[in-house]
1. For the chain, go through all pairs of different Cα atoms, get the mean of 1/r, take its inverse, and jot down that Kirkwood value in Å.
2. Work out the length of the dipole vector of the stretch 57-301 about its Cα centre, built from +1 on the beta-carbon of each Lys and Arg and -1 on the beta-carbon of each Asp and Glu, and round it to the nearest 20 debye.
3. For the chain, which DSSP H helices look membrane-span-like by this rule: Cα extent along the axis of 18 Å or more and mean Kyte-Doolittle of at least 0.5?
4. Roughly how many Å is it from the Cα centre of the stretch 329-343 to that of the stretch 106-149, as a whole number?
5. Quick one: grab the alpha carbon gyration tensor of the stretch 272-423, order the square roots of its eigenvalues as a ≥ b ≥ c, and give me rounded if a/c is under 1.5, else prolate or oblate depending on whether a/b is larger than b/c.
6. In units of 2.2 N^0.38 Å, what is the alpha-carbon radius of gyration of the stretch 57-301?
7. Could you give me the percent of Cα pairs per 10 Å distance bin for the stretch 1-83, shortest bin first, beginning at zero and ending with the bin that holds the maximum distance?
8. How large is the accessible surface of Cys389 in square angstrom, using a 1.4 angstrom probe and rounding to the nearest 10?
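The values are calculated or read from the model by the stated rules, or taken from the named source; none is laboratory data. The model shown is predicted, which means the values in this text are computed figures rather than measured ones. When we count neighbours, we look across all protein chains shown, and the Cβ atoms used for this are built from the backbone with ideal geometry, even at glycine. Keep in mind that these areas ignore ligands, DNA and RNA; they rest on the heavy atoms of the full protein, side chains included. Shrake-Rupley method; radii C 1.70, N 1.55, O 1.52, S 1.80 Å.
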Amino acid sequence: MADRSAPLDPADDPSPDELIAARPFLSRHAMDGLVLEGVPLARIAHAIGTPTWVYGAATMRARCRSLLDALRGTGLDVHAHYAVKANDHLAVLSLFAAEGLGADVVSEGELRRARAAGVPAEQIVFSGVGKSVPALRLAIAEDIEQINAESAEELEMISALASAMGHTARVALRVNPDVDAGTHEKISTGRAQDKFGIPYADAAALYARAATLPGIRPVGLAAHIGSQVETLAPYRAAFGRLAELVHTLRATGHAVETVDCGGGLGIPYRNQPVPRPEGLAGALRGAFHNLDVRVLVEPGRWLVGPAGLLLASVILVKQTEGTRFVVLDAGMNDLVRPAMYDAWHGIIPISAVDLVGPLEPADVVGPICESSDTFARQRRLPPLAPNACVAILDAGAYGAVMSSPYNARPRAAEVMVDGDRWTVIRARQALDALWADERVPTATDTDPGTAADPGTAAPRTPAPA
Ligand code: LLP
């Protein structure tokens, strides 16, 4: 499995050719080198430099349509809500909004982004273990589709806020089904010890309590067992538990209209076998076909991950005893997944000449002052000279959104390809933008309360009056 912590044997790594062959939107041209949809990546690198994120719009649309086809094939009343956290760029959100997807958001910022991109409020669900008061107020005021409450405490909070505002919020209870998704420890969310959701055993009683609270109307259940899930068994187990709870609740006279089944479908980073959307659809059908509920899913990675890549240039190749280090101009501040989850990402050169070079092992690293700034170990790559450009694959999800300015490195540029056209959708951040909001205290700043410029941004928790 790509994201498990067990070490992988580099001898089993797919070659650059095998990686390209498994990705229909990538191709290798004798003159142009690596091409995404219809655009040679060298053209983008030459025009705007690196590091640069590149996303394929036609690829995202095609993935979205094949997911929707699979879901429709279930015969269920099923709706997909794109998990905004995977890639929250407005261009990406607008693309999915145009395809009819709703949005799954986890903060005020994501809610406002989704609205700015044209997602209707009635197609937005709000997840998360600690929603701020301003975020909840906004969600209630906008009358979004549903708020997934994650605890008894949060349920009371939503009830108090909504009744004070004179609204009735639709609330689903996010249940912790105590299912091990079999994914990396850090992205497993459905086991009893994880911080997410309401303990399964408490859910029925809490649903009954929710029905008595002012300002809210319980409409259903939700669960999300984790991300980069690579087998269907944990889905079947979790959906089975949700279905069981629907029966229990209905038997005691409660209405259950929706079941939100979360996201998590894995992608083949290392060309490993993973379930297709049809498999997920089968698990949904199996659990809910006779229940007459509206079924929601919240896919993120599956829609955008394979459609994006990170272009980086070789700064230098450092040969130490025994190891060839290829040092890139992209680092863990740009793409943190390998450092954070031991994630495996394909790395392939983009020039036609490099693409046919003999393969020798190399450690591919970034320039950041930490040993965790390593993209790949013992990866079979051709000789790469300074300025050679590589593509780090499957970086469309949890890539740019997780980047940071560590080591005073500005945000990389972002580009969207659509067929044979491409557009810069985020300019490379200017260096001085990194410190534009900073202030050095002066000797006359005696009273921090008056000297500090509070700025214009709203705090997540407003200061007490
Ligand atoms: N719904 C909820 C409530 C979630 O928490 C998530 C992801 C999703 C949907 C979407 O899951 P997806 O379909 O993308 O797997 N940064 C990590 C992944 C964190 C996922 C967090 N929650 C990574 O790079 O692997």
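1. 23.6 Å
2. 440 debye
3. 152-165
4. Taking the Cα centre of each part, the stretch 329-343 and the stretch 106-149 sit 29 Å apart.
5. Since a/c reaches 1.5 and a/b is larger than b/c, the shape of the stretch 272-423 is classed as prolate.
6. Against the compact-globule rule of thumb, the ratio is 0.95.
7. Bins of 10 Å from zero give 13, 29, 32, 22, 4 percent of pairs.
8. So the heavy atoms of Cys389 present about 20 Å² to solvent.
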